[in-house]
1. Please determine, by comparing only the residues of segment 185-221 that are in a helix (DSSP H, G or I) and more than 21 Å from residue 235 (Cβ to Cβ), which one is least open to solvent (accessible area, probe 1.4 Å).
2. Considering only segment 429-443, state which residues are crowded, with 24+ Cβ neighbours inside 10 Å and either in a loop (DSSP other than H, G, I, E, B) or at positive phi (or both).
3. Is one or more of the residues making up segment 542-558 among the aromatic types (Phe, Trp, Tyr) and assigned to a helix (DSSP H, G or I)?
4. One residue is enough: does segment 664-681 have a residue meeting the conditions hydrophobic (A, V, I, L, M, F, W, C) and either open to solvent by 40 Å² or more (accessible area, probe 1.4 Å) or at pLDDT below 85 (or both)?
5. Report every pair of residues separated by at least 6 positions or lying on different chains whose Cβ atoms are under 7 Å apart, first residue within segment 446-461 and open to solvent by less than 30 Å² (accessible area, probe 1.4 Å), second among the hydroxyl-bearing types (Ser, Thr, Tyr) and part of a helix (DSSP H, G or I).
6. Scan segment 552-575 residue by residue and report those that are closer than 15 Å to residue 406 by Cβ and over 22 Å from the mean Cα position of the chain (by Cα).
7. Out of curiosity, is residue 298 out of contact with any His (no Cβ under 7 Å at 6 or more places or on another chain) and not in a loop (DSSP other than H, G, I, E, B)?
8. Of all the residues that make up segment 480-514, how many are within 38 Å of the chain's Cα centre (by Cα), open to solvent by 20 Å² or more (accessible area, probe 1.4 Å) and hydrophobic (A, V, I, L, M, F, W, C)?
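The values are calculated or read from the model by the stated rules, or taken from the named source; none is laboratory data. The model shown is predicted, which means the values in this text are computed figures rather than measured ones. Here the Cβ positions follow ideal geometry from the backbone for every residue, glycine too, while neighbour counts run over all protein chains shown. Side chains included, ligands, DNA and RNA excluded: accessible areas come from the protein's heavy atoms. Shrake-Rupley method; radii C 1.70, N 1.55, O 1.52, S 1.80 Å.
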Amino acid sequence: MLGAIDVNFLWLFGDSPSAREIEQNIQNAASEIYSCDGKLMGKYFSENRTPVDYSDISPILIKTLIATEDERFYFHHGIDFQGLVAAAKDFAVHGKARGASTITQQLVKNMYKTRSRKYKRGLLGKIPGIKLLIMKLKEWITAFKIEMRYSKEQILTMYLNTVDFGSNAFGIKTAARTYFNVSPLNLNYEQSAVLIGLLKATSSYNPRMNPNRSLQRRNVVLGNMLRLGNISLQQYDSLILLPIKLDYYVENNYDGQALYFREALASELKDWCKENNVNIYTDGLKIYTTIDSAMQAYAEQAMWEEMQVIQKRFNEHWGKNNPWRDESQREISGFVEKIATRTGYYKFWQKKFDGDTAKLIELLNTPHKMKVFDYALGEKDTTLSVMDSIKYMVRFMHSGFLAIEPSSGHIKAWVGDLDFNFWKYDKVLAMRQPGSTFKLFDYAEFLRQGHNPCEERIDQYVSWQVWDKGKQKLWIPHNADGICFNIPFSIKSAFARSINTIAVQISKEAGIANINATARKMGITSPLNDTIPATCLGGSDLTLLELVTAYSTVINNGIMKKPVFVTKILDRDGNQIYPTQEQNSVDTSDAALDYETAFLMQQMLKGGLTERGSASGTLWTYVTPFTKDTDFGGKTGTSSNHSDAWFVGVTPTLVAGCWVGGEYRCIHFRTGELGQGNRTALPIYGRFVSKYMRDTVFNCYHSKFPAALQPIKRPYNCKQYFTPTFEDSIKVEVEEIDGELDLIEGCF
């Protein structure tokens, strides 16, 4: 009979756990995510389980488990026949049988889900009475096989690593931390008794939800320990008088640091996991990322602090008026109602009311208890209607921040927004208009075509014929302040001052298609329109991740590095599975700019601070204490209606960018004075820099831009080059070599 069940004779009994399953002993385990400096940032899991070794488990817990669940554990081979006889006797006398499953049988049930897999039932398994008998016999057979394959210590370890302790705590390590915030090795008698008592019913005896029942059950378990001589009567009398002291915290997937990054990381690894049959939520991996825990912490702090300032300014700016406005500054009718229709709450009740719009509207305007975001509390309990809660939440300004090491592409800090619990949409990956930060590509392509930063263009209106819906129109862009001086500016000064009219002139000379092609080589992957001139002023949407990657290309001397999320991944046995040796040997670098163009653009970016540029005044406030040892540069950007404010700051070894704006583009400041990049995005970067550079761990993102590695040979038409201030220029010595001017090394 047992043999027939084991081999599933004539498909009557269904499958049993195979020899391979028993040999591999694979159980779901959480994957751990580490920063580049070895800090545990969080986990991915479907069941929060982290396996431990037998040596990491308290002997007290082992004794408590055996005394309660299987007191003859060391004397049977998976089936306790003495216990079965006693259970049968109880059933005959009292009509109710005690549990007779051994720890090994429970392990089989927990690990292989023998009672929940419908495909294992077989033909006879569909008969209710027969089904239970077959399942029980399968557990006996598999338990015996496990006893033959593993030692008693291994079986106990597997059991304690597998069992569910309730409160989303799978395995003893997670359970000990969840209920008592201790390691399994440090569990004492009363804590062990509480946890083992939970195994009878994880809800009924949960010490948090049912403290009295948990206390009673704990004392029953301690009584088992007394009966078997594991504790003395004196110990027992003392222990049962102790209250249960919890240090309770239920860990979830969204605990820890860098939550937005971790979501992006899971998406980044999705294809690799599929190709390699890996599941980051169950395979117990150790994922070592490029994130620097100190940078990440300071980036999060900088955003939190500065966004409160911006929010206060925004609230004062709009007062009691609703900020959702169209291009003519008229309030958008039905704006809140449209958002409401996209909520799960609306869709649920729409089905319930079966098209009764009046009832639905009444419900949406009926206050009820809810939690909303609040700077002072993090989250605030309040009573609001759905409509009022939308009005409250959409008034918040948002931000994204990203820092990348340009030489390697390693992502060092990633903050997707203010609070992951309330806003899951990652602003590092949001598609928004980059404004003047896009001018990096205009000028890079202009210089690549043989022009130089000393050339001059007049700040004057320039027109451009464009096609719009089949009709030809004249496009005449304006400067941000609406003023043209009609005087010449050097290319370097025009870039630093972010003069739109000159950016349009050089873009017209360089060609929009050529500029976009260079942008793509530098790291922009979003679609760019080659026929719309407004692209040169940031009219096409892209992400902060793309923008910082592209700026990193300039700082990396023209070599584009794709953003790197992970340095290595180890499987549960400690074997490195990513990257493989073959992947390590592949060079993903891409030469987007020649060295000379990249070098010149580095100096142009520095000019944002030295040429009375759009970033100079505000940024100097933050970086002045560090300018002795570090070169800084950067570029601001603001979309035409102030919906998007940007700043990308550069040093020789770190590029960081920030975006600030409303969740919806129609929510923004009404003036450039309040909403431009140097008033909103730049201060977040400045706070980040000042925090991190004052830290004692700051030792590697800190240096001068390198001098030219080789003489630059190109026919220049001026002798002034990269002046430290607008008024005080430095004369650059030049010498003629073979008809060309050679820029002497060190002239910067």
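1. Residues of segment 185-221 in a helix (DSSP H, G or I): 185-186, 189-198, 211-221.
In the following step, the residues that additionally are more than 21 Å from residue 235 (Cβ to Cβ) were identified as 198, 211-213.
Numbers: 198: 0, 211: 69, 212: 111, 213: 113 Å².
The extreme case among them is 198.
2. First, pick out the residues of segment 429-443 that are crowded, with 24+ Cβ neighbours inside 10 Å: 434-443.
Once the filter is applied, which keeps residues that are crowded, with 24+ Cβ neighbours inside 10 Å and either in a loop (DSSP other than H, G, I, E, B) or at positive phi (or both), segment 429-443 yields 434, 435.
3. yes
4. Checking segment 664-681: not a single residue is hydrophobic (A, V, I, L, M, F, W, C) and either open to solvent by 40 Å² or more (accessible area, probe 1.4 Å) or at pLDDT below 85 (or both).
5. From residues that are open to solvent by less than 30 Å² (accessible area, probe 1.4 Å), the pairs are 447/597; 459/501.
6. Keep residues of segment 552-575 that are closer than 15 Å to residue 406 by Cβ, which gives 552-564.
Across segment 552-575, the qualifying residues are 553, 554, 555, 556, 557, 558, 559, 560.
7. On the way: out of contact with any His (no Cβ under 7 Å at 6 or more places or on another chain): yes; not in a loop (DSSP other than H, G, I, E, B): yes.
Yes, satisfied.
8. Number of matching residues: 2.
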